[in-house]
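The values are calculated or read from the model by the stated rules, or taken from the named source; none is laboratory data. Keep in mind the model is a prediction, meaning the values are calculated, not measured. Glycine also receives a Cβ, built like all others from the backbone with ideal geometry; neighbour counts cover every protein chain displayed.
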Amino acid sequence: MRKSLLIGIFLFLASPLLAGQVHIKEARLLQGEKDFFYLKVKLDGLFFPELKEALMEGIPITLSCSVMIERDRSILWDPVLWEGVYTRVIKYNLLTKTFVIKDPPEIEKSFSSFEAFRREAQNLLLPLPTRPLRERRSYIEVRVYRRTASLFFPFNLIYSLLSPAPADFETDKARVEVEQ
């Protein structure tokens, strides 16, 4: 009894660690028309089994992408020129049997096949402001994460035991140099 209880507690506490490793495969700065800039981010390992299972049950998954443009070696002033957070919601509609990607400034995109949905969901195209990118010796840091809402005891324990939502994750920071 005591041994199985200890194993159960260990597996409960280690479940976020057992989730697949999501990381940024590529981050690139692209220049569009009329001096508009975009940051293209490719993720790898996003659809680990736990997340895919929750997605197929109809649970919407919210991904947040934190972007920061900084000045290199700023001594006197704040090195942060601009920072922002983009959110993306991915979900599976059980009634229509379609996968949906929702980026807040755009209209929803829906896909009938999982492979097309997966390719699109792992590629982020983020608009960036032009002015901070004109600074000399600046760079961009980006990371993608998923976090659940934090609740206080005992509700956090009950929520985590009953919720089929996948574990939280956070990618390492990727750094992109801005060339002048």
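The table below lists the values:
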| item | result |
| --- | --- |
| Every residue from the stretch 131-161 that is hydroxyl-bearing (Ser, Thr, Tyr), assigned to a loop (DSSP other than H, G, I, E, B) and either at pLDDT 95 or above or surrounded by 12 or more Cβ atoms within 10 Å (Cβ to Cβ) (or both) | Thr148 |
| Residue within the stretch 48-64 that is in contact with a strand residue (DSSP E or B) (Cβ under 8 Å, 6 or more places away or on another chain), farther than 22 Å from Lys25 by Cα, in a strand (DSSP E or B) and not aliphatic (A, V, I, L, M) present | no |
| Residue in the stretch 56-113 that is surrounded by the most Cβ atoms within 10 Å (Cβ to Cβ), counting only those that are within 20 Å of the chain's Cα centre (by Cα) and of a type in the set (S, T, N, Q) | Ser66 |
| Residue in the stretch 79-92 that is assigned to a strand (DSSP E or B), among the aromatic types (Phe, Trp, Tyr) and under 28 Å from Val176 (Cβ atoms) present | yes |
| Pairs, first at negative phi in the stretch 82-95, second loosely packed, with under 13 Cβ neighbours inside 10 Å and aliphatic (A, V, I, L, M), C-beta under 8 Å, six or more apart | Tyr92/Met56 |
